[in-house]
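One structure is given below, encoded as structure tokens.
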Number of protein chains: 4
Amino acid sequence: MSVRTPDPNPGWLPDFALDETRARVPILYVEAVPVRINALGQVESIGILLRGSSTTGVMTRTLVSGRVMHGESVREALLRNLAKDLGPTAFPQLPASTVPFSVAEYFPLPGVSTLYDPRQHAVSLAYVVPVSGECNPRQDALELTWLTPEEAANPEVLADMEGGRGALLKEALASVGALPQ
Amino acid sequence: MSVRTPDPNPGWLPDFALDETRARVPILYVEAVPVRINALGQVESIGILLRGSSTTGVMTRTLVSGRVMHGESVREALLRNLAKDLGPTAFPQLPASTVPFSVAEYFPLPGVSTLYDPRQHAVSLAYVVPVSGECNPRQDALELTWLTPEEAANPEVLADMEGGRGALLKEALASVGALPQ
Amino acid sequence: MSVRTPDPNPGWLPDFALDETRARVPILYVEAVPVRINALGQVESIGILLRGSSTTGVMTRTLVSGRVMHGESVREALLRNLAKDLGPTAFPQLPASTVPFSVAEYFPLPGVSTLYDPRQHAVSLAYVVPVSGECNPRQDALELTWLTPEEAANPEVLADMEGGRGALLKEALASVGALPQ
Amino acid sequence: MSVRTPDPNPGWLPDFALDETRARVPILYVEAVPVRINALGQVESIGILLRGSSTTGVMTRTLVSGRVMHGESVREALLRNLAKDLGPTAFPQLPASTVPFSVAEYFPLPGVSTLYDPRQHAVSLAYVVPVSGECNPRQDALELTWLTPEEAANPEVLADMEGGRGALLKEALASVGALPQ
């Protein structure tokens with residue numbers, strides 16, 4: 001398909017090429033809400049990432065997310081991004097079906113839609129993913145906190161979620177019957 | 001809710017009461033297709049139960065299934081019936097959502113619908129359930145065989161499924177993207 | 001299946017038989033959230049039923065719901081109950097799939113679960129159903145009001161919903177991407 | 001987001017830019033299986049597109065499909081592509097939820113996956129869409145035929161589907177309970 005020489009990082013793009021591509025087509029992402037479940041499958045806690053900005057010092061909350069690379073399957077992208085954000089010992093249980101609980105659409109201008117991403121028009125396939133191991137984000141700036149469904153649905157927590165993802169988190173909770181009244 | 005004395009087997013019904021009830025309302029069931037999945041969540045094999053009839057000697061194939069008892073939640077019924085049919089070391093990973101891949105409707109007359117159950121009008125919530133442990137059916141007459149998606153979708157296997165469940169098995173495979181071409 | 005003579009109201013049960021059955025097995029219901037959608041499929045308004053109690057004068061809000069009768073399919077039950085609660089000119093667009101957005105479990109004791117029904121243990125398959133015609137509830141005590149997603153998600157409206165159905169309504173809104181932030 | 005002058009065809013790309021983009025990222029598509037349903041929501045027939053190749057004369061079967069443009073929502077892309085392939089009087093009933101029945105992944109090499117697209121790595125959100133009006137493809141080379149579920153599931157029909165879409169069509173049928181035994 002490509003005349004490029006074999007790439008040590010297939011799917012990776014230099015910055016200028018990614019910027020150019022972002023102006024041309026919607027970019028496909030996968031997104032995951034890590035959860036701990038009990039033996040009955042009920043969600044007991046939700047893993048939210050905390051990211052500190054080195055320049056502004058402001059903390060924002062976010063979900064596991066990342067691009068689907070060229071040539072990569074949705075499942076591979078999901079597993080790779082879970083490993084990137086939760087570390088190698090999280091032991092995520094990937095869903096048997098790739099049908100997401102939500103198709104999240106991010107537009108580059110705030111106010112146009114609930115979800116926004118200043119970098120691009122992104123379309124994200126979002127999954128609830130049970131994890132059974134230890135989660136240790138590999139990036140220094142990232143921290144994982146476990147919240148109960150009640151804590152996660154707190155309006156202040158939801159308002160802190162990056163890019164309007166509070167709405168997506170509520171959909172995630174609703175999809176597993178864990179949205180508090 | 002009830003004036004009965006506390007019941008050592010809550011939800012259990014004597015035969016005459018169950019027969020009477022079956023003539024009055026549709027009976028709610030849960031049904032499970034046990035699967036083994038790989039790290040990417042892809043289904044590698046499907047567990048099908050083989051049941052020998054002591055009177056006729058005929059073997060039929062079926063899925064994990066059982067009634068939802070009075071007072072029991074759908075999740076509890078699913079876990080109980082998985083333990084009943086797969087044994088205590090199957091380690092099923094119950095889904096985080098109780099939305100089934102199919103609502104299977106069984107009518108008591110063959111030919112009226114694809115699925116039938118000579119005993120009753122039953123409505124069954126059907127789930128694909130990954131299991132990670134050893135499966136050992138507790139009942140003597142029951143045996144579990146693991147088939148690849150290709151083997152499970154074989155028309156002869158599907159035709160052997162009790163009550164027309166071949167159609168339900170195909171829906172299960174389709175719901176996880178494992179229905180062969 | 002039955003030795004009864006053919007029944008002019010098949011599936012109908014005398015009160016004593018229904019009471020007895022309710023003490024024995026969970027009763028299967030269907031439930032519908034009627035919506036008006038635009039050409040893009042986006043939900044613009046949600047139909048909520050208002051029911052006045054003749055004895056207490058208290059108004060409660062509820063959804064379209066009703067039992068699945070013996071011998072009746074889930075689709076037939078959904079269509080019949082939509083006609084019962086919205087009248088003959090509602091023109092509901094029944095979903096092509098019978099997979100519900102939620103399996104709603106009602107237990108007879110308040111506090112045990114979010115959803116409760118003092119009469120019984122009920123399990124309800126819940127659907128969002130677009131309607132394109134005029135809705136006129138046939139029962140005198142019933143009135144239909146159309147609310148925007150924002151109005152429907154108002155905590156006061158949700159708290160007025162019978163049997164804890166505010167939680168179910170929020171799940172319905174989330175399932176169609178219409179749950180306000 | 002872009003320094004380009006306002007575009008009369010926003011999202012449209014010149015051929016060289018589209019080719020370049022296809023080598024960089026997976027391209028997002030929407031896909032639709034048009035169906036006719038009865039009052040109960042049951043699928044009675046499925047619309048399959050027949051496309052004649054002007055150069056080879058070979059007929060292939062396909063589904064409604066097209067790219068999601070930059071800045072366009074998934075719903076807008078679905079509506080636009082339905083109009084493109086079925087004409088302006090098809091009256092499609094877009095789903096209230098944008099969750100697809102399947103996430104279809106097309107890779108550029110045949111044999112790598114069930115679905116393939118020689119032009120690109122494409123990821124397609126696939127929907128079953130009831131249509132109530134007259135369907136008249138606007139392109140000369142395209143014709144729409146209506147098949148019963150039994151006819152559509154015929155192995156010869158499935159094998160004629162472009163890019164391995166026979167597998168996707170079977171998933172569509174399974175998702176609405178219309179996959180023949």
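Residues that are in contact with a Pro (Cβ under 8 Å, 6 or more places away or on another chain) and among the aromatic types (Phe, Trp, Tyr) within the range A:117-164 comprise just one, A:TYR127. Within the range C:52-87, being over 16 Å from the mean Cα position of the chain (by Cα), surrounded by 17 or more Cβ atoms within 10 Å (Cβ to Cβ) and away from chain D (no Cβ under 14 Å) holds for C:HIS70, C:GLY71. Search the range C:1-28 for residues being at pLDDT below 50 and of a type in the set (A, V, I, L, M), and hand back the single one that is surrounded by the fewest Cβ atoms within 10 Å (Cβ to Cβ). In this case the residue turns out to be C:VAL3.
Per the conditions (1) facing another protein chain (nearest Cβ under 10 Å); (2) touching a residue at least 60 places away in the same chain (Cβ under 8 Å), the sole criterion not satisfied by A:LEU94 is (2). Taking the numbered list (1) modelled with pLDDT under 95; (2) within 14 Å of chain B (Cβ to nearest Cβ) in turn, D:VAL123 passes all entries but (1). Among the residues of the range C:32-67, the ones that are modelled with pLDDT under 95 and in contact with a Cys (Cβ under 8 Å, 6 or more places away or on another chain) come to 0 in all.
For the range A:21-30, a residue qualifies if it is small (Gly, Ala, Ser) and part of a strand (DSSP E or B), but none of them does. Taking every residue in the range C:150-176 that is under 17 Å from A:ALA178 (Cβ atoms) and pairing it with any residue that is crowded, with 22+ Cβ neighbours inside 10 Å and among the aromatic types (Phe, Trp, Tyr), at least 6 positions away or on another chain, the pairs with Cβ-Cβ distances below 7 Å are C:GLU171/C:PHE101; C:ALA172/C:PHE101; C:SER175/C:PHE101. When A:GLY177 is tested against (1) more than 10 Å from chain C (Cβ to nearest Cβ); (2) at positive phi, just one condition goes unmet, and that condition is (1).
Within the range A:31-51, the set of residues being over 12 Å from the mean Cα position of the chain (by Cα), in a strand (DSSP E or B) and within 14 Å of chain B (Cβ to nearest Cβ) comprises A:VAL35, A:ARG36, A:ILE37, A:VAL43, A:GLU44, A:SER45, A:ILE46.
Residue count for the range D:126-153 under the criterion of being within 13 Å of chain B (Cβ to nearest Cβ) and surrounded by fewer than 23 Cβ atoms within 10 Å (Cβ to Cβ): the result is 3.
Please work out if A:LEU109 is of a type outside the set (S, T, N, Q) and free of Cβ contacts under 8 Å to residues at least 60 places away in the same chain.
Against the criterion (of a type outside the set (S, T, N, Q) and free of Cβ contacts under 8 Å to residues at least 60 places away in the same chain), A:LEU109 qualifies.
Take D:PRO88 and decide whether it is within 27 Å of C:VAL33 (Cα to Cα) and outside any helix (DSSP H, G or I). Taking the combined requirement at face value, the residue does not satisfy it. Any residue at all in the range D:102-116 that's small (Gly, Ala, Ser) and buried (at least 19 other Cβ atoms within 10 Å of the Cβ)? For the range D:102-116, residues small (Gly, Ala, Ser) and buried (at least 19 other Cβ atoms within 10 Å of the Cβ): present. With the structure loaded, tell me whether B:HIS70 is of a type outside the set (A, V, I, L, M, F, W, C), within 29 Å of C:ARG24 (Cβ to Cβ), at pLDDT 95 or above and touching a strand residue (DSSP E or B) at 6+ places or on another chain (Cβ under 7 Å) or whether it fails that test. Spelling it out, it is not the case that B:HIS70 is of a type outside the set (A, V, I, L, M, F, W, C), within 29 Å of C:ARG24 (Cβ to Cβ), at pLDDT 95 or above and touching a strand residue (DSSP E or B) at 6+ places or on another chain (Cβ under 7 Å). Screening B:ALA104 against (1) in contact with a Phe, Trp or Tyr (Cβ under 6 Å, 6 or more places away or on another chain); (2) of a type in the set (Gly, Ala, Ser); (3) more than 14 Å from chain A (Cβ to nearest Cβ); (4) in contact (Cβ under 8 Å) with a residue 60 or more places away in the chain leaves a single unmet condition, (1).
Among residues of the range A:140-158 being of a type in the set (Gly, Ala, Ser) and modelled with pLDDT of 95 or more, the one that is farthest from C:THR114 (Cα to Cα) is A:ALA152. Within the range C:127-138, residues that are under 10 Å from D:ALA96 (Cβ atoms) sit with their Cβ atoms under 7 Å from residues that are surrounded by fewer than 20 Cβ atoms within 10 Å (Cβ to Cβ) and polar (S, T, N, Q), at 6+ positions apart or across chains, in these pairs: C:VAL129/C:GLN93; C:PRO130/C:GLN93.
Confirm whether A:LEU142 is in contact with a Gly (Cβ under 9 Å, 6 or more places away or on another chain) and either at positive phi or without any contact (Cβ under 8 Å) to a residue 60 or more places away in the chain (or both).
Values: in contact with a Gly (Cβ under 9 Å, 6 or more places away or on another chain): yes; either at positive phi or without any contact (Cβ under 8 Å) to a residue 60 or more places away in the chain (or both): no.
Judged against the criteria, A:LEU142 is not a match.
The values are calculated or read from the model by the stated rules, or taken from the named source; none is laboratory data. Please read these numbers as outputs of a predicted model, since none were measured by experiment. Note that we place each Cβ from the backbone using ideal geometry, even for glycine, and neighbour counts take in every protein chain shown.
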